[in-house]
Structures are given as C-alpha cells and as structure tokens.
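What follows is a set of notes on a single structure, which appears directly below.
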C-alpha cells in the first residue's frame, strides 16, 4: 500500500513549456485534490475531483488543467509554464470527510 | 471565505517544556479540523483529526481541542523533544466546500 505517490519529485521548466505532474493513489479514495504551497501564502487549493469524470476549480485554478479518467490517477497539467507557478505542489486524497492523505510533493522551478 | 490564522508564527522552546499552539478560524460552520506536521522539504503528516461534534482528540503526547463557537483550536504538546521540531499546520474542512483551508503554520524549534 503506497498511499499517495507523486512524480517527478523535482522539475525545472523554462517559461512557456508544458508539463504534467502525476499523482496516483492506491486507497480507492474518491476525492483527490491538488494544492500549491508558497512561502508566506500557505497551502492553496488548485483543483479537486470528487470521482472519476468529475473535477472542479479551487482557489487558484488559472494556468492549470486537470482530468480524472480513473479513481487512481489525478494528473495536473501546466499548459504554458510561468515563473509565478514556481512552487511546491501537493496531491491529496480524502474519504468520507475524514483524514486527508498527502503525497510527498513535487518541487517545480520555472525559469 | 474561511480564514485560518495560527499564532505564533514561530516558537523556540527548550526540551521538556509543555507548549500550546493556537489556531483560529472565522466561520464556525466546519465539518472537521485537522492538525498536520510538516518537516522541511517533506509532505504533510496528519497528527489529529477532530470532528465538529468533538471537543478534543489525543494521540500520545499530543492533545488537540476544538471550540467551534469561538472559532478556536489548540494543539498541546507535552514534554517536548528535539524530534518535535517541525512546522505545524492547522486546517479546517468547511461544510460549504470540498477543500481544507490552511493556516500558515507555526514553526517549532525544540532545543536540547
């Protein structure tokens, strides 16, 4: 039982490049979400999904796309990276309003 | 919009002291409140979850209380140890949404 896994652990992009941050879970949780963590800002919700085929925006969705084709996977796509998207990204799952489980994070640097 | 505030932002104590971390939130219509620990460069580890109907939860040397009416929670750490050094985050899961609203955290340093 690996819990929540994220890849890559670290990535450097140039402005305008695209990439996909991967998130996978093996706990069969319906709810998955993406947060970004910035110094002095705390964690902020980007997008979330309450099940396969259902996604919605969080507090800071601009510049990010998501889709949820399976229960296990919830990838986050940056279509055209900007320096303002330099951050640490966390994927999390939740079941029935109980404890949230976080992945180890992906550190992204956009030059 | 739910606002979560944590005080103090940073705290340094000698080993063995008992300490209290504070968390306040503006909207009392919460589903639950959760305390997390984050070590430098790492992800978040859940410490305690308090449902809105509960007053407190305990795990080992940790005790978290919840007063919904006043919009406050405290995390009590007994007999602190250097291994407790980390950032502690408070997060509220509101009735109206699907996301945790996080405070900015308290950075704790326990010195030997």
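The values are calculated or read from the model by the stated rules, or taken from the named source; none is laboratory data. From a predicted model like this one, the values you see are computed outputs, not experimental measurements. Ideal geometry is used to build each Cβ from the backbone, glycine not excepted, and the neighbour counts take in all protein chains shown.
Go through (1) more than 13 Å from chain A (Cβ to nearest Cβ); (2) surrounded by fewer than 14 Cβ atoms within 10 Å (Cβ to Cβ); (3) within 23 Å of residue B:109 (Cβ to Cβ) and name the single condition residue B:26 misses.
For residue B:26, the failing item is (3).
Would you mention how many residues in the stretch A:3-44 are loosely packed, with under 13 Cβ neighbours inside 10 Å and within 13 Å of another protein chain (Cβ to nearest Cβ)?
Going through the stretch A:3-44 one residue at a time, the tally reaches 5.
Return the residues of the stretch B:1-23 that are over 29 Å from residue B:112 (Cα atoms) and either at the interface with chain A (Cβ under 10 Å from one of its Cβ atoms) or crowded, with 16+ Cβ neighbours inside 10 Å (or both); say none if nothing qualifies.
B:1, B:2, B:4
If you take the residues of the stretch B:54-85 that are free of Cβ contacts under 8 Å to residues at least 60 places away in the same chain and at positive phi, which of them is farthest from the chain's Cα centre (by Cα)? Outline the logic, then answer.
First pass over the stretch B:54-85, keeping only residues free of Cβ contacts under 8 Å to residues at least 60 places away in the same chain: B:54-77, B:83-85.
The next check asks that each one be at positive phi; those that pass are B:60, B:71.
Numbers: B:60: 15, B:71: 13 Å.
Out of the qualifying residues, it is B:60.
Where the second residue is modelled with pLDDT under 95 and in a loop (DSSP other than H, G, I, E, B) and the first is closer than 19 Å to residue A:63 by Cβ and lies in the stretch A:92-110, which pairs have Cβ atoms under 6 Å and are six or more apart or on separate chains?
These pairs meet every condition: A:105/B:43.
Residue B:98 - would you say it is outside any strand (DSSP E or B), under 18 Å from residue A:94 (Cβ atoms) and either more than 12 Å from chain A (Cβ to nearest Cβ) or in contact with a strand residue (DSSP E or B) (Cβ under 6 Å, 6 or more places away or on another chain) (or both)?
Taking the combined requirement at face value, the residue satisfies it.
Please determine, by comparing only the residues of the stretch A:75-87 that are closer than 27 Å to residue A:40 by Cβ and crowded, with 16+ Cβ neighbours inside 10 Å, which one is farthest from the other protein chains (Cβ to nearest Cβ). Steps first, answer last, please.
Step one: of the stretch A:75-87, the residues closer than 27 Å to residue A:40 by Cβ are A:76-87.
Those still in the list that are crowded, with 16+ Cβ neighbours inside 10 Å too: A:76, A:78, A:81, A:85-87.
Details: A:76: 15, A:78: 20, A:81: 22, A:85: 19, A:86: 15, A:87: 14 Å.
So the residue we want is A:81.
Check residue B:88 against each of (1) in a loop (DSSP other than H, G, I, E, B); (2) under 12 Å from the mean Cα position of the chain (by Cα) and name the one condition it does not meet.
So the condition that residue B:88 fails would be (1).
Could you figure out which of (1) under 21 Å from residue A:104 (Cα atoms); (2) more than 11 Å from chain B (Cβ to nearest Cβ); (3) crowded, with 16+ Cβ neighbours inside 10 Å isn't true of residue A:90?
Here residue A:90 meets the rest and fails (2).
Whether any residue in the stretch A:7-21 is closer than 22 Å to residue A:81 by Cβ, in contact with a helix residue (DSSP H, G or I) (Cβ under 7 Å, 6 or more places away or on another chain) and at pLDDT 95 or above is what I want to check.
The first filter runs over the stretch A:7-21 and keeps only residues closer than 22 Å to residue A:81 by Cβ, leaving A:7-21.
Of the ones still in play, those that are also in contact with a helix residue (DSSP H, G or I) (Cβ under 7 Å, 6 or more places away or on another chain) are A:15.
Next cut, at pLDDT 95 or above only: A:15.
Yes: one or more hits.
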